[in-house]
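Data first, discussion second: the structure below is written as structure tokens.
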């Protein structure tokens, strides 16, 4: 596990517990998403990592950007992360928080990768089938990848179904020794 994940774990756990206790999962998800957008912005990233910029300067900038969006809990999180120079860990914190939230809510994140756009009706059918197969609620995101040529790749947790034409061609090529 990388250092950022280790740093993020206690923060994600604390945020998760606060969100669960106050029934504010959605608000925390939105706050963390916005905070990620801020710290992942190239200009802010440079400031966060510049040793010439003080902790307080970085903190003031991030708080100013989020002034209209952050509640007091989010501002406190930013202050703590800024004080310990851990703002760069926000994306990892958000990812771990969302994982904890999904487990709590019995949801599994699934990704559908297709060569062409899939309509809502087919996505709904796929969600129903996955929910039946996995025994959990499924939150599906869809991505178009023309390199697949055709077919689909479905990822849900550790579970992967690769029914793409690209995978079939690779398998055929491998079996022919090409």
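Bear in mind these aren't lab numbers, they're just calculated from the coordinates by the rules spelled out. Small disclaimer: the values here were computed from a predicted structure and weren't measured. Heads up, the Cβs are rebuilt from the backbone with ideal geometry, glycines too, and the neighbour counts pull from every protein chain shown.
For this structure, a couple of remarks:
- Put a dot 7 Å past the Cα of residue 165, heading toward its Cβ, do the same for residue 6, and the two dots end up 4.7 nm apart.
- Contact order relative to length of the chain, as percent, for alpha carbon pairs under 8 angstrom and 6 or more apart: 20
- Once the C-beta distance of residue 80 and residue 103 is scaled by a Förster radius of 25 Å, the resulting FRET efficiency is 0.55 to the nearest 0.05.
- Helical content alone sets the calculated 222 nm signal of the chain at -20000 deg cm²/dmol, taking -39,500 (n - 2.57) per DSSP H segment of four or more residues and averaging over every residue.
- Per residue, the convex hull spanned by the alpha carbons of the stretch 57-132 comes to 161 Å³.
- Sorting 74, 54 from the fewest to the most surrounding beta carbons within 10 angstrom yields 54, 74.
- Cα centroid separation, the stretch 59-87 to the stretch 121-160: 36 Å.
- Fewest-first ranking of 113, 121, 105, using other Cβ atoms within 10 Å as the exposure measure: 121, 105, 113
- For the stretch 3-102, the relative contact order is 49 percent, taking Cα pairs closer than 8 Å that sit 6 or more residues apart in sequence and dividing their mean separation by the residue count.
- Here is the size of the stretch 3-102 from its Cα atoms: Rg then Dmax, 12.7, 40 Å.
- If R0 is 25 Å, the Cβ-Cβ spacing of residue 21 and residue 63 corresponds to a FRET efficiency of close to 0.55.
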